[in-house]
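Quick one: the structure is below, and I'll ask about it shortly.
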């Protein structure tokens, strides 16, 4: 159980250092630590305190799961060079809205699609550029 707790704490440290826990608060970290410590106490004989810690931490995490899940699994923001390359590929200006992004993608995919004589790599690059720009636009309007 000690090895499992060390692995869990290592994963948490990795996620924090890579920025994947950016949306987590100190209370969220305490709740997760309570679950880990409570699980350790449950297996070591401290049933009452272990159940209290693990249950309380799990309750906190359960109530805030939507926010926590979004913070952990969110894509990292794209850097400016990636966004510029995506805009160049689709022929867009920096202030392009969702409609402009989708229209530019539709116009370019007609020639690049493998069914119309294009190649798979070009179609994939266009789709990735569209997805990147739409995700960036959503992140900017949301935050």
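Please give the Cα centre distance for region 31-56 versus region 75-143, rounded to the nearest Å.
That distance is 48 Å.
Separation between the residue 80 and residue 48 pseudo-spin-labels, each 7 Å from Cα along Cα→Cβ, expressed in nm?
That separation, rounded to one decimal, is 6.1 nm.
We did not get these values from a lab; they are worked out from the coordinates using the rules stated. Remember, it's a predicted structure, so these values are computed and weren't measured experimentally. Neighbour counts run over all protein chains shown; Cβ positions are idealised from the backbone, glycine included.
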